[in-house]
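The values are calculated or read from the model by the stated rules, or taken from the named source; none is laboratory data. Predicted model only: the values in this text are computed from it and were never measured. When we count neighbours, we look across all protein chains shown, and the Cβ atoms used for this are built from the backbone with ideal geometry, even at glycine. Accessible surface is based on the protein model in full, side chains and every heavy atom, while ligands, DNA and RNA are left aside. Shrake-Rupley method; radii C 1.70, N 1.55, O 1.52, S 1.80 Å.
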Amino acid sequence: MPARALRDLPPHLRLLAWPALNRLGAVDGVTVSVPPELASSPPSLACYSGSVGLTYRDDAGTGAAWDDALTAPESADVLAEPLRLVSTMALWDEVIREEGVYRGNIYLASERSVAVLLDTAHGTARGTAQDTAPRTADRLAELLEQLHALELLYRFPVAYKFRGAHGLERQCRINGWGRLLFRLLDAAPHDPYGIRTARARLSRHVRTHREAYRRGVAAASAAEDASGARIWADIHAEQPIPVLI
């Protein structure tokens with residue numbers, strides 16, 4: 001099969017290139033070509049590039065095989081880091097709705113919020129073979145930027161009405177393509193990313209802190225540019241995982 005430009009693929013299938021772009025091996029059957037000028041650049045730059053190509057050996061000759069490659073047990077080792085992050089952010093979105101906090105799509109207020117979310121959902125896995133959480137804040141920021149570049153989530157400066165100033169924080173949330181990827185993972189018969197356990201943990205967490213999250217959502221809904229830093233201070237004082245809308 002001829003190479004296809006990474007940016008021409010549906011966003012969830014672009015993740016097949018992720019291990020190669022991060023120099024962590026490759027998904028079975030996938031070959032990735034990167035322009036020489038990007039070979040030593042941060043992987044996020046390659047994720048944005050229109051010159052990166054991907055070839056997949058689709059033995060069955062069907063598009064469904066591409067989806068299967070994402071969820072195959074043998075892909076879990078090389079895709080664990082991004083797939084666990086995507087699935088956890090999608091779960092958070094679902095649980096927030098199911099527990100009656102907010103009917104729309106919720107933003108995590110910063111990358112620090114994402115880190116706390118991962119620890120809340122998967123804390124029992126720390127230090128085990130299943131621990132795939134990014135080890136540093138810089139690594140998490142780079143991973144989030146890559147997933148934003150691949151168009152599986154949104155990541156941008158915190159809205160002025162919530163912060164009252166420009167800071168280094170980036171609010172983040174899953175998007176529709178990320179939710180599609182999550183549904184594929186959730187339907188798989190195996191569960192290498194701890195989705196079932198994470199769902200239960202996050203549901204308990206939100207039930208425990210539901211009123212704090214509801215108050216924060218109500219305040220954020222009423223925010224305007226003149227609100228200043230009040231909402232930012234309030235959500236960090238009251239919410240274990242600070243969120244915005």
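A few remarks follow.
- Residue under evaluation Y193, criteria (1) farther than 19 Å from E94 by Cβ; (2) not in a helix (DSSP H, G or I), criterion not met: (1)
- Leading residue by the ranking (modelled with the lowest pLDDT) among those in the stretch 117-152 that are β-branched (V, I, T) and surrounded by fewer than 18 Cβ atoms within 10 Å (Cβ to Cβ): T128
- Selected residue (criterion: surrounded by the most Cβ atoms within 10 Å (Cβ to Cβ)) from residues of the stretch 1-30 that are touching a Lys or Arg at 6+ places or on another chain (Cβ under 8 Å) and either farther than 14 Å from S75 by Cβ or among the charged types (D, E, K, R) (or both): L6
- Residue under evaluation T88, criteria (1) closer than 14 Å to L185 by Cα; (2) of a type in the set (S, T, N, Q); (3) surrounded by fewer than 20 Cβ atoms within 10 Å (Cβ to Cβ), criterion not met: (3)
- Qualifying residue in the stretch 95-107 (condition: touching an Asp or Glu at 6+ places or on another chain (Cβ under 8 Å) and β-branched (V, I, T)): yes
- Residues in the stretch 205-234 that are within 14 Å of L117 (Cβ to Cβ) and assigned to a helix (DSSP H, G or I): 3 in all.
- In the set S49, S33, S113, only one residue is of a type in the set (S, T, N, Q), touching a residue at least 12 places away in the same chain (Cβ under 8 Å) and crowded, with 20+ Cβ neighbours inside 10 Å; that residue is S113.
- R155 open to solvent by 50 Å² or more (accessible area, probe 1.4 Å) and modelled with pLDDT of 95 or more: no
- Residue list for the stretch 168-183, restricted to those being over 15 Å from Y107 (Cβ atoms) and either assigned to a loop (DSSP other than H, G, I, E, B) or modelled with pLDDT under 95 (or both): L168
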